[in-house]
Amino acid sequence: MKKQNSKKKYNQKIEYILNKISKKILQIKSNKIIILGKKIIIYHKNIYINKSFSITSIKNKYYFLNKNSNKNYINLPIHLIIIKKKKNDSFNINIFINDKIYLNIIEEFINISNDNYFNYNLNICINKKSYLNYLRLINDKKKNKFYLQDNIKLNTKSKLKKNIFFIKFKKINLISNIKLKKKSFLNINSISIIRKNFLKFKINILHHSYKTKSYQKHNNISLEPGVIDFSGWIKIFKKSYNSQAIIKNNHLCICKKSIINSSPKLGIWNKNAKCKHNVKINNLNKKEIFYLLTRNIQFNKIKKILILKFIKKIFKKQNKKNIYNKIYYIYLKIFK
């Protein structure tokens, strides 16, 4: 009886926390893992313990998760909700994936403390033909300063698709170091909105072995004066023959006072590799503006229509429509 009562109290506490922060996070059917300060709370619905997927905290407590025999579990994403409770809290999370697993992970940040700094380190290791779809969402109304660092390893035909959405923030420093080995594939897509804020984005990709592929596309929209500083470094070593690397930067510059710096770099030590880099800085299309003005639409509304058109092209290519529709709805609220 005591065990049953303790479980009920534990579940009630978690439901209370979820109800309290439900307005601040994506309301999706998911397996929720709440990281409150330095404690990890697992929301036990639809989660079964196994040794294939692990999340470790600062205290090195391991929590193993794996796909359930039920088919519904595979479709449900794992929702990491990282809550900063005290000042000087820094988060260090390690994710290990083995043996042909297909996973979807969503990551969100919430700050309860008065401290405006958010320090976060993420380490991911993917092995043996497994696939990870990782989504990072930063929609911070308090406008905190984020210092993020990612260290990622892909081994033996593994795949990582990473989508990053920077909606509301004050300052972000993001550094990601990625290693690719043995026919692994990397796909990174990002959208960021600049409104009197600062975004520094550094990506270092190392192709260590043969037939590795990396594709990046970064979309930035500057609405008000702000700074975007992007630097991407790709290294292709001698052993990495028949490998491919593509970087695309697409900027929609509406505010003329905004500063955009993009410097992709390539270091190639193999003749059989294929590499491309592309930078575009676009303004609003004058023909489309003229056409919409003839339809008696105000110029402010025309801006919002064309920005949403730019964003909608990116969302069309996504597979998980339930999740991405809710993120697109956040953009709709901004540009109403």
Residues (assigned to a loop (DSSP other than H, G, I, E, B) and open to solvent by 40 Å² or more (accessible area, probe 1.4 Å)) located in the stretch 128-182: K128, K129, K141, K142, K143, T156, K157, K170, K181, K182
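Quick check: anything in the stretch 56-73 open to solvent by 20 Å² or more (accessible area, probe 1.4 Å), modelled with pLDDT under 60, over 19 Å from N123 (Cα atoms) and not in a loop (DSSP other than H, G, I, E, B)?
Start the filter on the stretch 56-73 by keeping residues that are open to solvent by 20 Å² or more (accessible area, probe 1.4 Å), which leaves 58-64, 66-72.
Now drop any that are not modelled with pLDDT under 60, which leaves 58-64, 66-72.
Now narrow it down to the ones that are over 19 Å from N123 (Cα atoms): 67-72.
Then drop every residue that is not not in a loop (DSSP other than H, G, I, E, B), which leaves 71-72.
For the stretch 56-73, residues open to solvent by 20 Å² or more (accessible area, probe 1.4 Å), modelled with pLDDT under 60, over 19 Å from N123 (Cα atoms) and not in a loop (DSSP other than H, G, I, E, B): present.
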In the stretch 187-199, residue most open to solvent (accessible area, probe 1.4 Å) [restricted to those that are in a strand (DSSP E or B) and out of contact with any Phe, Trp or Tyr (no Cβ under 8 Å at 6 or more places or on another chain)]: F198
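Can you tell me how many residues within the stretch 77-101 are within 22 Å of K159 (Cα to Cα) and under 17 Å from the mean Cα position of the chain (by Cα)?
Narrowing the stretch 77-101 to residues within 22 Å of K159 (Cα to Cα): 77-80, 93-101.
After this cut, where a residue has to be under 17 Å from the mean Cα position of the chain (by Cα) as well, the list is 77-80, 93-95.
Residues that pass the stated criteria total 7.
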Any pair with Cβ under 8 angstrom, 6 or more apart, that starts in the stretch 249-264 at a residue that is at negative phi and in contact (Cβ under 8 Å) with a residue 12 or more places away in the chain and ends at one that is surrounded by 20 or more Cβ atoms within 10 Å (Cβ to Cβ) and outside any strand (DSSP E or B): C255/G226; S258/G226; I259/G226
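Would you pick out the residues in the stretch 80-117 that are touching a residue at least 40 places away in the same chain (Cβ under 8 Å), in a strand (DSSP E or B) and under 14 Å from L36 (Cβ atoms)?
Kept after step one, since they are touching a residue at least 40 places away in the same chain (Cβ under 8 Å), are these residues of the stretch 80-117: 80-86, 89, 91, 93-99, 101, 103-104, 106, 108, 110, 116.
From what's left, in a strand (DSSP E or B): 80-84, 91, 93-97, 103-104, 106, 108, 110.
Within the stretch 80-117, L80, I81, I82, I83, K84, F91, I93, E108, I110 qualify.
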Selection count, the stretch 1-53, where residues are at pLDDT 75 or above, hydrophobic (A, V, I, L, M, F, W, C) and in contact with a helix residue (DSSP H, G or I) (Cβ under 8 Å, 6 or more places away or on another chain): 4
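Go through the stretch 170-186 and report how many residues are touching a Phe, Trp or Tyr at 6+ places or on another chain (Cβ under 6 Å) and closer than 28 Å to L308 by Cβ.
Going residue by residue through the stretch 170-186, those that are touching a Phe, Trp or Tyr at 6+ places or on another chain (Cβ under 6 Å) are 171-174.
Right, trim to closer than 28 Å to L308 by Cβ and you get 171-172, 174.
The qualifying residues number 3.
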Residues satisfying the stated conditions in the stretch 204-220, i.e. buried (at least 23 other Cβ atoms within 10 Å of the Cβ) and in contact with a Phe, Trp or Tyr (Cβ under 7 Å, 6 or more places away or on another chain): H207, H218
Pairs with Cβ under 6 Å, 6+ apart, first in the stretch 13-32 and within 20 Å of I105 (Cβ to Cβ), second in a loop (DSSP other than H, G, I, E, B) and modelled with pLDDT of 80 or more: S30/P77
Filtered residue count, the stretch 275-302, keeping only those that are among the aromatic types (F, W, Y) and surrounded by fewer than 12 Cβ atoms within 10 Å (Cβ to Cβ): 2
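The values are calculated or read from the model by the stated rules, or taken from the named source; none is laboratory data. Here the structure is a predicted model, which means the values were calculated and not measured. Note that each Cβ is placed from the backbone with ideal geometry, even for glycine, and that neighbours are counted across all protein chains shown. The protein model used for the area step is the full one, side chains on, heavy atoms only, and it has no ligands, DNA or RNA in it. Shrake-Rupley method; radii C 1.70, N 1.55, O 1.52, S 1.80 Å.
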